[in-house]
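**Q** What follows is a single structure, and I will ask about it in a moment.
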Amino acid sequence: MKEILQTIIESLVDDKSAVVINEIAGEQSVVFEVKVAESDMGKIIGKQGKIASSIRTIMKAVASREHKRVSVEFIG
């Protein structure tokens, strides 16, 4: 799952070296903390949060195949 999220995030940002994704795994759930450069934060969130919402939707679909719950948090 982390690789899919990494690919999505890196395709959206300009500074790929600043992308850091922390995975916090529990028994039934996974939390991803995504850190990007301050200048790229707007590209990740999008207008009215639509891109961030889409990223979360994709990750929930991937997680449902593994019978897990997923949360994606964007940290500036």
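**Q** Which value in Å does the Kirkwood hydrodynamic radius of the chain take, with 1/r averaged over all unlike C-alpha pairs and then inverted?
**A** In the chain this quantity evaluates to 12.5 Å.
**Q** Here's a follow-up. List the relative contact order of region 2-75 as a percent without decimals, with contacts defined as Cα pairs under 8 Å and 6+ residues apart.
**A** 33 percent
**Q** Given the pairs 16/43; 16/68; 2/60; 35/68, which are separated by over 20 angstrom at their Cα positions?
**A** 16/68; 35/68
**Q** Let me ask another. Exposed loop sites here are GluC sites (Glu not before Pro) in DSSP loop states with at most 16 other C-beta atoms within 10 Å. What is the longest stretch of the chain lacking them?
**A** Longest site-free region, per DSSP loop and neighbour criteria: 28-65.
Readers should treat all values here as calculations from the given coordinates under stated rules, not as data from a laboratory. Keep in mind the model is a prediction, meaning the values are calculated, not measured. No Cβ is skipped: glycine too gets one built from the backbone with ideal geometry, and neighbour counts run over all protein chains shown.
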